[in-house]
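Here is the structure we will look at.
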Amino acid sequence: MVVPTAETETFDSFCSNGDYLRSQSIPAPAILARWRGQGIALLEDFGTRTLTKVISSEHEDRRGLLQEAIGLLVRLHECRPNDAFPCPAFQLHFDEEKWCFEYRFHVRDWLIARHWKVEPTRAESKVLDRAFAWLGARLSREPRVFTHRDYQSSNLLVRDDGSYGLIDFQDARQGLRQYDLASFLFDSYVDLDETERCELSSMYASMAGLTIPEDEHRYLVTIAAIQRKLHDAGAFAYAAYHREKTEYLRYLASAVTQSVTLMAQIPHLREASRVLSDYAARAAGGTSA
């Protein structure tokens with residue numbers, strides 16, 4: 001692993017979180033050597049077979065692979081502080097401030113302004129700001145657990161023995177459990193149908209011993225997915241225009257479509273859904289629905 005030397009905080013978080021996760025029997029790669037000043041770490045090799053690639057190209061047990069990933073997620077969310085392995089993730093939170101920052105950075109700056117090249121009117125800004133203020137406040141009210149923050153198929157490596165290895169956990173923090181679950185169920189790189197999503201969502205609730213009603217659990221997954229998919233769209237735009245990784249743009253439209261479709265189901269977000277749908281249509285050279 002090589003991290004720019006200016007990003008020592010990212011390097012430290014990855015190493016500390018990795019040490020902690022292994023202490024909890026979560027399959028993070030062992031750090032065999034580290035040179036902090038150079039931003040270099042020598043990691044255990046988990047191979048290159050991501051869950052994305054395995055499901056897409058191999059005749060394996062799709063259902064079993066997905067269920068195993070849910071089981072690992074439940075174990076991740078059960079992690080508790082360990083004084084012997086200080087972990088920065090327990091000091092960071094998905095709170096209203098963080099949700100608002102992600103809205104401004106990913107949605108306003110990179111998706112709307114940079115990718116769609118739209119400057120919202122004052123009325124449209126009020127609609128969007130009000131919708132995402134509500135969304136951030138609603139998500140912030142939920143109990144928080146250890147969250148990976150990018151729990152998706154590309155960060156699950158299928159090792160030679162068939163077990164998973166977990167990577168890219170440097171941004172972990174305390175947040176609602178349904179965020180990680182939504183990240184997995186609405187993965188940008190693996191298409192799940194609604195039956196699979198419902199089955200895996202219910203499986204997670206059962207394995208995690210959730211006591212809230214099933215419809216409340218699914219509602220939280222839905223609104224978390226809205227935030228997640230717009231975050232994804234903004235992140236794809238950022239990767240394309242700031243980091244020159246234009247290959248991510250092919251996933252952007254789908255992320256937006258998923259998000260605005262889900263937003264239309266939530267009364268607080270329907271007007272914002274129409275605004276974003278209009279922006280997307282105008283950018284594509286069409287008309288909004």
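Some notes on this structure:
- If you take the alpha carbon atoms of region 183-289 and fit the smallest convex hull around them, that volume is 117 Å³ per residue.
- Percent of C-alpha pairs per 10 Å bin, region 1-45, short to long: 30, 55, 15, 0
- Between PHE132, PHE85, PHE146, the Gaussian network model of the chain with springs among Cα atoms under 10 angstrom shows the greatest mean-square fluctuation at PHE85.
- Rounded Å value of the spacing that divides the Cα centres of region 188-264 and region 117-168: 8
- In the chain, the longest principal axis of the Cα atoms and the axis of helix 194-208 are about 50 degrees apart.
- Extended-chain gain in nm, criterion 0.36 nm per residue less alpha-carbon gap, GLU244 and ARG114: 45.5 nm
- Rounded FRET efficiency, nearest 0.05, which uses the C-beta distance separating MET1 from ASP193 and R0 of 41 Å: 0.70
- Gyration tensor analysis over the Cα atoms of region 1-135 returns equivalent ellipsoid semi-axes of 33, 23, 18 Å (largest first, whole Å).
- Rounded to 0.05, the FRET efficiency of the SER202 and ARG270 pair, given R0 = 25 Å and the Cβ-Cβ distance, is 0.40.
- Over the chain: helical MRE at 222 nm, DSSP H runs n ≥ 4 each giving -39500 (n - 2.57), nearest 500: -16000 deg cm²/dmol
- Rounded to the nearest 20 debye, the dipole size of the chain about its Cα centre is 820 debye, using +1 on the Cβ of Lys and Arg and -1 on the Cβ of Asp and Glu.
- Counting charges near PHE11 (Lys, Arg +1; Asp, Glu -1) among other residues having Cβ under 12 Å from its Cβ returns a value of -1.
- Taking the C-alpha atoms only, the angle from helix 122-140 to the longest principal axis of the chain is near 30 degrees.
- Farthest positive-ward along region 1-149 dipole, Cα basis, beta-carbon charges - from ASN17, SER125, PHE101: SER125
- Proximal lysines to LYS126, defined as alpha-carbon separation beneath 28 angstrom and excluding residues fewer than eight positions away on the same chain: LYS98, LYS117, LYS229
- Candidates LEU269, LEU32, LEU43, ranked by Gaussian network fluctuation over the chain, Cα under 10 Å, top entry: LEU32
- With one equal scatterer per alpha carbon and no solvent term, the Debye-computed log10 I(q)/I(0) for the chain at 0.07 1/Å reads -0.26.
- Count Lys and Arg as plus one, Asp and Glu as minus one, and take only other residues whose Cβ is under 14 Å from that of CYS79; the net charge is then +3.
- For THR257, THR147, THR50, order by how many other beta-carbon atoms lie within 10 Å, fewest first: THR257, THR50, THR147
- Computed from Cα positions, the angle between helix 252-263 and the longest principal axis of the chain comes to roughly 70 degrees.
- Mean Cβ neighbour count within 10 Å, used as a protection proxy, ranking 69-82, 231-244 highest first: 231-244, 69-82
- Here the calculated FRET efficiency for ASP95 and ARG62, from their Cβ-Cβ distance with R0 = 41 Å, stands at 0.70, rounded to the nearest 0.05.
Values quoted throughout were computed directly from the atomic coordinates according to the rules given, and no laboratory measurement underlies them. Just so we're clear, the structure is a prediction, and the values are computed from it rather than from any experiment. Here Cβ is always computed from backbone atoms with ideal geometry, including for glycine, and neighbour counts include all displayed protein chains.
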